[in-house]
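Below is one structure; the comments refer to it alone.
Since every read-out is calculated from the coordinates, none of them should be taken as a lab result. All of these numbers come straight from a predicted model, not from anything done at the bench. Neighbour counts are summed over all protein chains in view; Cβ atoms, including those assigned to glycine, are modelled from backbone coordinates with ideal geometry.
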Amino acid sequence: MTGVSRRQGFFLLAIISILWGSVVAADNQQDPKKTTEQKSEYLTFGFLPMESPVALFKRFAPLRDYLSTQIQQGIRLETARNFRQFAERTAQRQYDIVFTAPHMALYALDGDHYELAATFTKPLRSVFVVLDKSEIQDVKGLEGVTIATPPDRAIVTMVGMKYLDAKGLKAARYKTYRTHNAAYSAVLGGEVDAAIIANFIAMKAITDNAALKIVAQSEPFPGVGILVAKDLPENLKRDIKKAFWGMKELPHGRSVLKTIAQPGYVQADKQQFEVLRPYLQAAVP
């Protein structure tokens, strides 16, 4: 080679190859939709950021593995920084399967990219938790205290606030946290007096020996919406739906549900979610 040694030439070629690979990878990451080849390798399961990413992925890894086995296809878990970003990514069809809040499910179903696969076998509730040794015993004790909440766009937050208003009670203030876990952790850390979180998250925390108790809860409302992308093959969509619906019928499925603290999933209809249309504006990116 002219001007450089053979060794230097190989080194330059290696650097160019690495840089080129980085450009290609970056270009692929910028595309919100996966290529056909990528789709054949895995499905992307998007989760509402209701917990920290680490806690979320650790908790739902067994569900990912179960579904992957049932449908014989790889699945990758993804989430977003916040509710707004998650709604935007859902609207852009960046996920193949979606686990989302009921009002956000309604918003997605109004669009063109998703159809409803399943919902909880049991309804969702907004519950108020305090320290297990707290003097607060019931909803009246929440008058004038500082209450932690998940993001203000969370359906649990909105329903919980509305519940307290209907009781004629006012919090001293609401303090917003990034996730349900962060909200109840603020109670445990003494930062706030109480927290509004989802019933199934509260029960899991208490089961895991968190020093909490439930002192009030809202009326039930539709639980999470599990969606599948319309453009997936029909047989794959069918298999995904059946995998969710059949979990409680199989020992392995029941074991996974217990591990992830979920009640199980059933076939659902969009009409079930219409009661949450007054909250729809909060789901719009």
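For the stretch 126-217, the alpha-carbon coordinates run over 33, 29, 21 Å along the three principal axes, in decreasing order. Each label was represented as a point 7 Å from its Cα along the Cα-to-Cβ direction; for residue 143 and residue 271 these points are 4.3 nm apart. Hydrophobic long helices, here whole DSSP H runs in the chain with Kyte-Doolittle means of at least -0.5 and Cα atoms spread over 15 Å or more along the helix axis, are found at 6-30, 53-71, 155-166.
What shape does the stretch 150-285 take by its C-alpha gyration tensor, where a ≥ b ≥ c are the square roots of the eigenvalues and a/c under 1.5 counts as rounded, a/b above b/c as prolate, and the rest as oblate? Oblate, since a/c reaches 1.5 and b/c is not below a/b.
Only beta bridges with both residues in the chain are counted; by DSSP, about 60 percent of them are antiparallel. Rounded if a/c is under 1.5, else prolate if a/b beats b/c, else oblate: with a ≥ b ≥ c from the C-alpha gyration tensor eigenvalues square-rooted, which is the chain? Taking the square roots of the gyration eigenvalues as a ≥ b ≥ c, the chain is prolate. Pairs 175/204; 133/248; 122/230; 140/248; 133/204; 213/270: which exceed 29 Å Cα-Cα? As for pairs spanning more than 29 Å Cα to Cα, those are 133/248; 140/248; 213/270. About its Cα centre, the chain has a charge dipole of approximately 340 debye under the convention of +1 per Lys or Arg Cβ and -1 per Asp or Glu Cβ, with nothing else charged.
What the Cβ-Cβ distance of residue 122 and residue 173 gives, at R0 = 30 Å and to the nearest 0.05, is a FRET efficiency of 0.40.
Sparsely packed loop sites in the stretch 153-230 (the trypsin sites (Lys or Arg not before Pro) outside DSSP H, G, I, E and B with at most 15 other Cβ atoms within 10 Å) comprise 167, 170, 230. Distance between the modelled labels on residue 250 and residue 110, one decimal in nanometres: 3.6 nm (7 Å Cα→Cβ projection).
Dipole check for the stretch 121-216: with +1 at the C-beta of Lys and Arg, -1 at the C-beta of Asp and Glu, and the Cα centre as origin, the magnitude is about 280 Debye.
Over the chain, DSSP H runs of length four or greater, each weighted -39,500 (n - 2.57), average out per residue to a 222 nm ellipticity of -13000 deg cm²/dmol. Under the simplified labelling scheme, the residue 206-residue 231 pair shows an inter-label distance of 4.5 nm, with each label point 7 Å from Cα along Cα→Cβ.
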